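Undergrad: Got a structure for you, questions after.
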């Protein structure tokens, strides 16, 4: 025993290194929700406070661009109002709508920290538990999809950007009604990849990719991007498709957090099916 | 000695703040994420005890991780850099007056020594980050490109900061 202790003491630099390195790698590998929530709750008040102050200063430099985006979005929304449309049918319009129920709830949030240059990018927003945010909510901006909420603290949340190894979004090429999966290969933050599109359909450059709405997270029909490169590898059954993200991840300022009000019901139901 | 530890603590805080508030927000295209905070490990005095080297590097990496939601990634890379630092110093050529108050900066060791020594540590650090960040072998080319570009920019930043803030030799 004494010799073992003496041996460890003699090589204490190496053993301390082993302990610290193992601890760090354990933190990388172990990504359980509970552990993340504990860490996030401990640290987010400090980091969130600092990022909040920082973004309230730098936010001024982006006001002009943000205003233009908002104005464009307003114009688009005005068009959908009844006042902006001509009634082509002379039948009575029923204002009391019992056919539609609200499916998604939108919360505006400000980006207070963001990155695009890492392999796995995360975004911090200034909304948290207090504002009804929970993990697995979608994050979009007027241009397109941005990411998914992964951890929440009282006042802040971390969003897994679409520019992340673990991000997978179900999407569709609307013109062809073909389903695929959106992933990010980690090389270029401007381009995403669309997989699972079979080679027998005729995909064209410039086709738009939208969310499919099959994921319980993202609403249907949110823009994802526009197809830029199409490749077929010899002997493969699926295309290698690169598309340009419609959202500009480098200039995110305000985003919407989208809550699917039927998510729990849908997940519950899908569990039943899987169990059987 | 306690005064110099206070100075080290200040350097720690300033470098973490500079990293998460300035460097992380500079957009240099998708491949490049420089790690200016590594300057802390690079500039730790020669005679600093081993446990202090490892523990302070661990907390340095953890601080960066907390701010970028990458739990453990920068900590693992930093601890590894701290572990190889004594060997790198021996490899590049340790100063003869080891017990004196020499620091591994440009004023004491000269620009050529400093750049060689920093380059080795930066490359090891970026390589660790690249490997830990993405376990896919298929991305090896991208990882390598990322490591090389990030290392080059990190080295440039560290040399510039060292020149700007070093205390001249009396």
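The values are calculated or read from the model by the stated rules, or taken from the named source; none is laboratory data. Please read these numbers as outputs of a predicted model, since none were measured by experiment. Don't worry about glycine lacking a Cβ; one is built from the backbone with ideal geometry, like all the others, and counts go over all protein chains shown.
Undergrad: Restricting the search to the stretch B:40-60, which residues are over 20 Å from residue A:21 (Cα atoms) and part of a helix (DSSP H, G or I)?
TA: Correct list: B:43 only.
Undergrad: Kindly provide the set of residues from the stretch A:144-185 that are farther than 29 Å from residue A:237 by Cβ, within 13 Å of chain B (Cβ to nearest Cβ) and assigned to a loop (DSSP other than H, G, I, E, B), ordered by number.
TA: A:153, A:156
Undergrad: Starting from residues that are under 19 Å from residue B:75 (Cβ atoms) and more than 9 Å from chain A (Cβ to nearest Cβ), keep the ones in the stretch B:19-33 and report whichever is surrounded by the fewest Cβ atoms within 10 Å (Cβ to Cβ).
TA: Here the answer is B:23.
Undergrad: Let me ask another. For residue A:107, only one of the following conditions fails: (1) farther than 30 Å from residue B:75 by Cα; (2) more than 25 Å from the chain's Cα centre (by Cα); (3) surrounded by 10 or more Cβ atoms within 10 Å (Cβ to Cβ); (4) at pLDDT 85 or above. What is its number?
TA: Result: residue A:107 passes all but (2).
Residues checked against (1) out of contact with any helix residue (DSSP H, G or I) (no Cβ under 6 Å at 6 or more places or on another chain); (2) within 14 Å of chain A (Cβ to nearest Cβ); (3) touching a residue at least 60 places away in the same chain (Cβ under 8 Å):
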residue: B:56; (1), (2), (3): yes, yes, no
residue: B:66; (1), (2), (3): no, yes, no
residue: B:76; (1), (2), (3): no, yes, no
residue: B:89; (1), (2), (3): yes, yes, no
residue: B:95; (1), (2), (3): yes, no, no
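Undergrad: Kindly indicate the residue of the stretch A:186-218 that is more than 14 Å from chain B (Cβ to nearest Cβ) and at pLDDT below 85 and also nearest to the chain's Cα centre (by Cα) among those meeting that condition.
TA: Among residues in the stretch A:186-218 that are more than 14 Å from chain B (Cβ to nearest Cβ) and at pLDDT below 85, the one nearest to the chain's Cα centre (by Cα) is A:215.
Undergrad: Now, a different point. Quick one: residue A:60 ticks every box in (1) modelled with pLDDT under 80; (2) under 17 Å from residue A:126 (Cα atoms); (3) within 13 Å of chain B (Cβ to nearest Cβ) bar one, so which box is it?
TA: (3)
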